[in-house]
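The values are calculated or read from the model by the stated rules, or taken from the named source; none is laboratory data. Nothing here was measured: the structure is a model prediction, and the numbers come from that model. Counting neighbours? That spans all protein chains shown, and the Cβs are built from the backbone with ideal geometry, glycine included.
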Amino acid sequence: MRTAVFSAIALSSLIVACSSSTITNTNLVSDAGSLVGGSSSSGGSNAASTGGTGTNTVGGSSAGGQTASQGGVSASAGGSSSNDTGGATSTATGGVTSAATGGVTSTATGGVTSTATGGVTSTATGGVTSTATGGVTSTATGGVTSAATGGATTCSAGFGDCTSAPGCETPLNTTSNCGACGQACSAPTNGSATCLNSGSCSFTCDQNFTQCGSSCVNTSNDANNCSACGHSCLGGTCTASVCQPIALGTVATGGGNSLIISGGALYAITAATQTYSAVWKLDPNAPSTPVSVLSSIYRTPQCIMNGKMYWVSSDNGTNSPSDISYCSVSNCAATTQLFTTSPGHIFSSYAEQPICDLSTNELVWRDFTTGLSGKVETIYRAAANGTNIRAMTSFLVSSNYQLEIGFVSQRADRYFFLVEDLSSTPQVETLYYVPTNVQNVSPVSVVTGNAGQNGVNVGLTEFTNDSLFMWPDNSGYTPQQSFSLPLPNGILSGSPPIFYPGYISSGVMDDQNFYGVFTSLPSDAIGKCALSNCTSPGILFRGEANANGFTQDSTAIYWVTPGLTSQGFTVWKAAK
């Protein structure tokens, strides 16, 4: 490298000469700069001073108006310096030094130093230092330093550049970097975090725990996920995957006979004592103190609808009209009034009390009159407010014996009765029902069989849903069995199929299961079986001796148990 050094005197002379004459040099690349104070540096740096021009070689310096060039460089005076090595073109304006190497075009303006190497275009403006290497274009503005090395980084699928080290060193299938750098996975209590191959977070539950939503739970004792995710015990506890019952309230006197759910309330009706009952109101969702609705009511009502209770208020004997009354349950004693007088006689037993059809907001009942040729039965309907009273259908029963089964399982769509032909040997029984929601229809026969052992023997305990009618054998013979038949058509011939090889004293059925009291289970147990197979019912819970008066809603069953002294009763609830 060669370095030319000018003396201070020569520099002064040059300044004077420049001030008094115009210099024209066709080799100048740039004429806008001056060098003042002349300094020298190495390693590719430069300094500018007013009054002179310097040219810097690669790895060289310029100072004090000195000019040096190497490797095919063009230099000129007039306030500019330009260095060109290896076929590069460099332009500098405004006191700028620009160096380009290796086939590079570099432009710098405004007191900028710009260095580019390796086939790079670099533009810097406004006091910026910009360095780019390896086929990258880098633009920086406003006093910023920007550096890029090795080209733009593109990682293979499943890897990322997550550290300061160069390269794609981080797998993106871990719980610390799942799908992206820094995307960490977490897990709920009793679970462990995982990262799926898709790059999304998940978790697995520990042994004996089940994933329910975003939680890991033990379905054997979790009251909100008992035996299955989302199965709530509705206020009860969960033991061995079974929801346990809760006591909703206790009435100190009388014996519980039936329960009615209506309008968000639960009503308990005591067994009739000398033909009179009492009605109590409870909260079906939580334990509470029962509230008396009516301390004495004729017989046992089974219809409460829209805050009103309906019942047969007079039983004047065969062929005598019967009164139906109603009251507001909020103040029954003060609001009792006549609903209608039915033309025929209505038995005041529980099964023949008027029934509520909540689907149509109507009251449904049956009355009869007796003549020489038999008994004429009539089904009626009326709006809950007493309007639109109409006879739906009438039919003649000519047999000398008839058992009125009535409205079963608090359902208003069918009225059941049993006809027994006493003149035949052996005696023959036929079970019928009448649709109550269709006008002018005839009774439908669903089963016929002999009375006595292994006969039909429908008694006073029956259960039904849309598609099944079930009853325990009421003949008194042993072994006792419970039978069923399909609805709506029943069976045309033969004996009804056995539903359960024992006696069922009380219970309730929905579309899939039967819940109740089975003779094969301990006397204090409430059991459950599938309607499709009730050969061996399982125990739900114990401590419920003499359970009766069952009812249900879509999520729970309800029942009553008598007090220890046979006075009073407790109302219970358990999630299905």
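Tally up the residues in segment 273-305 that are assigned to a loop (DSSP other than H, G, I, E, B) and within 15 Å of SER325 (Cα to Cα), please.
The qualifying residues number 4.
Before we move on, is GLY502 within 19 Å of LEU403 (Cβ to Cβ), modelled with pLDDT under 95, crowded, with 18+ Cβ neighbours inside 10 Å and among the small types (Gly, Ala, Ser)? Working first, answer last.
Values: within 19 Å of LEU403 (Cβ to Cβ): no; modelled with pLDDT under 95: yes; crowded, with 18+ Cβ neighbours inside 10 Å: yes; among the small types (Gly, Ala, Ser): yes.
In short, no.
Condition first: among the hydrophobic types (A, V, I, L, M, F, W, C), in contact with a strand residue (DSSP E or B) (Cβ under 9 Å, 6 or more places away or on another chain) and in a loop (DSSP other than H, G, I, E, B). Can you find one or more residues in segment 542-554 that meet it? Talk me through it step by step, then tell me what you get.
Restricting attention to segment 542-554, the residues satisfying the condition of being among the hydrophobic types (A, V, I, L, M, F, W, C) are 545, 547, 550.
Narrowing further to those that are in contact with a strand residue (DSSP E or B) (Cβ under 9 Å, 6 or more places away or on another chain): 545, 547, 550.
From the residues that got through so far, the ones that are in a loop (DSSP other than H, G, I, E, B) too are 545, 547.
So far as segment 542-554 goes, yes, one or more of its residues are among the hydrophobic types (A, V, I, L, M, F, W, C), in contact with a strand residue (DSSP E or B) (Cβ under 9 Å, 6 or more places away or on another chain) and in a loop (DSSP other than H, G, I, E, B).
For segment 470-499, name all the residues that are of a type in the set (S, T, N, Q) and either surrounded by 13 or more Cβ atoms within 10 Å (Cβ to Cβ) or more than 24 Å from THR436 (Cβ to Cβ) (or both).
Of all residues in segment 470-499, those of a type in the set (S, T, N, Q) come to 474-475, 478, 480-482, 484, 489, 493, 495.
Correct list: ASN474, SER475, THR478, GLN480, GLN481, SER482, SER484, SER493, SER495.
Among the residues of segment 544-575, what is the count of those that are under 24 Å from the mean Cα position of the chain (by Cα) and surrounded by fewer than 18 Cβ atoms within 10 Å (Cβ to Cβ)?
3
Quick one: count up the residues across segment 505-539 that are at pLDDT below 95 and of a type in the set (A, V, I, L, M).
0
Which members of segment 409-462 meet the condition of being among the aliphatic types (A, V, I, L, M), part of a loop (DSSP other than H, G, I, E, B) and over 21 Å from MET509 (Cα atoms)?
Within segment 409-462, LEU422, VAL438, VAL441, ALA451 qualify.
Among the residues of segment 395-438, write down those that are of a type in the set (Phe, Trp, Tyr) and buried (at least 16 other Cβ atoms within 10 Å of the Cβ).
PHE395, PHE407, TYR415, PHE416, PHE417, TYR432, TYR433
Would you pick out the residues in segment 405-428 that are touching a Ser or Thr at 6+ places or on another chain (Cβ under 8 Å) and of a type outside the set (A, V, I, L, M, F, W, C)?
Listed by number, the residues that qualify are GLY406, SER409, GLN410, ARG411, ASP413, ARG414, TYR415, GLU420, ASP421.
Please count how many residues of segment 472-486 are part of a loop (DSSP other than H, G, I, E, B) and touching a Cys at 6+ places or on another chain (Cβ under 9 Å).
Let us first name the residues in segment 472-486 that are part of a loop (DSSP other than H, G, I, E, B), namely 473-481.
Next cut, touching a Cys at 6+ places or on another chain (Cβ under 9 Å) only: none.
Qualifying residue count for the region: 0.
Confirm whether GLY150 is at pLDDT below 95 and over 30 Å from ASP206 (Cα atoms).
yes
I need a count of the residues in segment 419-452 that are in contact with a Gly (Cβ under 9 Å, 6 or more places away or on another chain) and among the hydrophobic types (A, V, I, L, M, F, W, C).
Selection size over segment 419-452: 5.
Would you check which residues across segment 439-469 are of a type in the set (D, E, K, R) and surrounded by fewer than 17 Cβ atoms within 10 Å (Cβ to Cβ) and list them?
The one that is of a type in the set (D, E, K, R) and surrounded by fewer than 17 Cβ atoms within 10 Å (Cβ to Cβ): ASP466.
Rundown of residues vs (1) β-branched (Val, Ile, Thr); (2) not in a loop (DSSP other than H, G, I, E, B), yes/no style:
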site	(1), (2)
PRO488	no, no
LEU492	no, no
PRO496	no, no
SER505	no, yes
THR535	yes, yes
ILE539	yes, yes
